[in-house]
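The values are calculated or read from the model by the stated rules, or taken from the named source; none is laboratory data. Small disclaimer: the values here were computed from a predicted structure and weren't measured. Every residue, glycine among them, receives a Cβ derived from its backbone with ideal geometry; neighbour counts consider all protein chains shown.
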Amino acid sequence: MIAKRFVIFLLALALSPAAVLAGQKAIIFPFDLIDQQQQFEIGLMPKGLDPEDKRRLEIITDELTKLVRDSGRYEVVDRTPIAKDIEDKSPMYKCNGCEDDLAKKVGADIAFIGTVRKASDVLFTVSIYVRDVANQKVIHQGSSEIYGNTDKMWLRAVNYIVDRRLYADRGAK
C-alpha cells in the first residue's frame, strides 16, 4: 500500500506543471522604463533615463532572473550573445514581436519582458509579460502598482508579481 502511494506521488510530481516546464529555456529581457512624465513635457527635449531609474531597472532584471532560475520551472539562457540586438531593438515593449525572434536566436522557448511605467516620482506600475516564443503570444502577465521610489519597493513589486501572479499555482508565500 505504501509502495503504491509512493508511485502515485512520483507520477503526480512528474506530471506537475513545473516538471513539464523545467525542460523549457527562458530568456529574461531587461526591464524597460515608460516615463509618462516626459510625455507631457511639450516642447521640451526628453531628459533621458534617470541614472537611479536605470540602476533600479538593472536590479529588478537581476531579481527576476534569479526568481525564474530558482523556481526550477525554466532553464534561464544567457542573453549576452544578443546584447547588441537587444540594445538596437529596445524598448522591447515597442518592438512589435521582435522579442520572439531574439529569443529564438539563443534557443529560448519562453521570453520574459518587463516594464516599469512611471506616472510620477512616487507612482509606478511594474509589469511582467511571459511570452510563448513559438506561438508568438503572451501566456502570463502580472502587474503591481507601487507608491515609493526605492530599491525595496521595486524589488517588492517584482517578487509580488512572480509569487502571486505568474506562479500563483504554487501557492502564495
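Only one of the numbered conditions (1) in contact with a helix residue (DSSP H, G or I) (Cβ under 9 Å, 6 or more places away or on another chain); (2) more than 16 Å from Leu33 (Cα to Cα); (3) touching a residue at least 12 places away in the same chain (Cβ under 8 Å) is violated by Gly97, and that is (1). Does Thr115 satisfy the condition of being closer than 24 Å to Gln37 by Cβ, polar (S, T, N, Q), touching a Leu at 6+ places or on another chain (Cβ under 8 Å) and surrounded by 15 or more Cβ atoms within 10 Å (Cβ to Cβ)? The answer is yes for Thr115.
If we scan region 75-83, do we find a residue that is surrounded by 13 or more Cβ atoms within 10 Å (Cβ to Cβ), at pLDDT below 95 and not aliphatic (A, V, I, L, M)? The answer is no, given that none of the residues of region 75-83 is surrounded by 13 or more Cβ atoms within 10 Å (Cβ to Cβ), at pLDDT below 95 and not aliphatic (A, V, I, L, M).
For every residue, the table says whether it meets (1) outside any loop (DSSP other than H, G, I, E, B); (2) over 29 Å from Asp151 (Cβ atoms); (3) modelled with pLDDT of 95 or more.
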site: Leu11; (1), (2), (3): yes, yes, no
site: Val20; (1), (2), (3): yes, yes, no
site: Met45; (1), (2), (3): no, no, no
site: Gly48; (1), (2), (3): no, no, no
site: Glu52; (1), (2), (3): yes, no, no
site: Arg55; (1), (2), (3): yes, no, yes
site: Glu58; (1), (2), (3): yes, no, yes
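Considering Val130, Val122, which residue is at negative phi, surrounded by 11 or more Cβ atoms within 10 Å (Cβ to Cβ) and in contact with a Gly (Cβ under 7 Å, 6 or more places away or on another chain)?
Details: Val130 fails: in contact with a Gly (Cβ under 7 Å, 6 or more places away or on another chain).
Result: Val122 is the single residue among Val130, Val122 that is at negative phi, surrounded by 11 or more Cβ atoms within 10 Å (Cβ to Cβ) and in contact with a Gly (Cβ under 7 Å, 6 or more places away or on another chain).
Only a single criterion out of (1) surrounded by fewer than 21 Cβ atoms within 10 Å (Cβ to Cβ); (2) touching a residue at least 24 places away in the same chain (Cβ under 8 Å) is not satisfied by Lys137, namely (2). Taking region 140-159 as the range and being crowded, with 17+ Cβ neighbours inside 10 Å and of a type in the set (Ser, Thr, Tyr) as the test, only Ser144 passes.
So which residues in region 48-60 are of a type outside the set (Gly, Ala, Ser) and surrounded by fewer than 19 Cβ atoms within 10 Å (Cβ to Cβ)?
Kept after step one, since they are of a type outside the set (Gly, Ala, Ser), are these residues of region 48-60: 49-60.
Answer for region 48-60, where residues must be of a type outside the set (Gly, Ala, Ser) and surrounded by fewer than 19 Cβ atoms within 10 Å (Cβ to Cβ): Leu49, Asp50, Pro51, Glu52, Asp53, Lys54, Arg55, Glu58, Ile59.
For region 91-107, the count of residues that are in contact with a strand residue (DSSP E or B) (Cβ under 7 Å, 6 or more places away or on another chain) and over 21 Å from Ile27 (Cβ atoms) is zero.
Exactly one residue among Glu99, Glu63, Glu87, Glu145 is among the charged types (D, E, K, R) and in a strand (DSSP E or B), and that residue is Glu145.
For the condition touching a Gly at 6+ places or on another chain (Cβ under 6 Å) and not hydrophobic (A, V, I, L, M, F, W, C), Arg156 does not qualify.
For region 124-173, filtering for residues that are of a type outside the set (Val, Ile, Thr) and touching a Phe, Trp or Tyr at 6+ places or on another chain (Cβ under 6 Å) leaves 2.
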